[in-house]
Amino acid sequence: MQYENIDVSRVGSAQQVSLIRLDRVRYRNAQSRALLRELDHAFTDAAADPTVRVIVLGSTGADFSSGHDLRTTQEKEDVTTSVMPGDLAGREDWAWTHWTEPLMRWRRIPKPTIAAISGNCLWGGWSLAAAMDLRVCAPTTAILPHLSEFFALPWIIGTAAAREALFRNRVIGADEALRLGMVTTVCRPDEDVTSAAVQIAEEIAEVPPQFLRAIKSTLVGIEDMQGFDASIQLANSQHLMSEWAHTDPTAQGVEGTDETTNLVAIAIAKWRASQD
């Protein structure tokens, strides 16, 4: 498959690390359907390749990902797969197929995965990073989680911390993300975040692959036995229902209005004001 929205290379001293980078800089690496198809292909290839021991997911440009692509011309003109339907049931099924299932597959890749997060990591961008085993970020990284189609946040930081962050709709900076466990490492200001992630990947690659597979399978299995899949299904339904009710004037209890509440813009504005 020829990639147009991602870049894939082999890195590390022994070439045992597959580096997959989002490459839609013009759109701040927003996740179009085409990009997600390419990601799925690249992850599948890396998972099946016995010479790959660790996968690093990074990005080109300043930002890791601004979330899902919902409105660019490129996304609207993509006829390879269907667009999200307007009815609630159709939207829920579509979101599960195109957004949730790929992340569930990538979470279960039987090899360690690391997200290298730079700049903004917003909504669907955080969902993508959360599907990786480890997360490394730059000191200037800004993370904005939300009730999403892949709602791993409470599994990572706990329900109490998730309530506080989501109720207040606020950006989480690198230091707080490290304290909460959203990221495992914050690289130095003079260090490239992708290089830092690759360095960790090379250390992990020194462990025999059968042990890495056993460790990951066990930890994923423990989460599954505790109800991970069921919680993702619940969150996907609630997420789509809340968005549909906000945008569809015929939804029960919602008055027709042209006003929109851009929660991302509000959160980013609050974040920037707090940094001044």
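The values are calculated or read from the model by the stated rules, or taken from the named source; none is laboratory data. Since the structure is predicted, the reported quantities are computational estimates derived from the model, not experimental observations. For neighbour counting, all protein chains shown are included, and Cβ atoms are generated from backbone atoms with ideal geometry for every residue, glycine included.
You will find that of A30, A46, the residue that is in contact with a His (Cβ under 8 Å, 6 or more places away or on another chain) and under 20 Å from M104 (Cα atoms) is A30 and no other.
The number of residues in the range 89-128 that are aliphatic (A, V, I, L, M) and farther than 16 Å from W155 by Cβ comes to 7. Listed by first and then second residue, the pairs linking a residue in the range 218-244 that is of a type in the set (K, R) and surrounded by 14 or more Cβ atoms within 10 Å (Cβ to Cβ) to a residue that is modelled with pLDDT of 95 or more and outside any helix (DSSP H, G or I), with Cβ atoms under 6 Å apart and 6 or more places separating them unless they lie on different chains, form an empty list. With the condition kept exactly as written, say whether any residue in the range 209-219 is more than 24 Å from L103 (Cβ to Cβ) and either modelled with pLDDT of 95 or more or of a type outside the set (S, T, N, Q) (or both). Yes - at least one qualifying residue is present in the range 209-219. In the condition set (1) among the hydroxyl-bearing types (S, T, Y); (2) closer than 30 Å to L240 by Cβ; (3) modelled with pLDDT of 95 or more, S148 is compliant with all but (3). Annotation note: of E255, E259, the sole residue that is modelled with pLDDT under 95, in contact with a Pro (Cβ under 9 Å, 6 or more places away or on another chain) and exposed (fewer than 11 other Cβ atoms within 10 Å of the Cβ) is E255. Condition first: surrounded by fewer than 19 Cβ atoms within 10 Å (Cβ to Cβ), basic (K, R) and either at pLDDT 95 or above or more than 23 Å from N29 (Cα to Cα) (or both). Can you find one or more residues in the range 120-136 that meet it? Checked the range 120-136: no residue is surrounded by fewer than 19 Cβ atoms within 10 Å (Cβ to Cβ), basic (K, R) and either at pLDDT 95 or above or more than 23 Å from N29 (Cα to Cα) (or both).
Of everything listed in (1) surrounded by 15 or more Cβ atoms within 10 Å (Cβ to Cβ); (2) modelled with pLDDT of 95 or more; (3) more than 22 Å from T100 (Cα to Cα); (4) within 21 Å of the chain's Cα centre (by Cα), the single unmet condition for A205 is (4).
Scanning the range 58-117 for residues that are touching a Leu at 6+ places or on another chain (Cβ under 8 Å) and among the aliphatic types (A, V, I, L, M), we see that the one that is nearest to D192 (Cα to Cα) is A116.
Checked against (1) at pLDDT 95 or above; (2) touching a Leu at 6+ places or on another chain (Cβ under 8 Å), W244 passes all but a single condition, namely (1).
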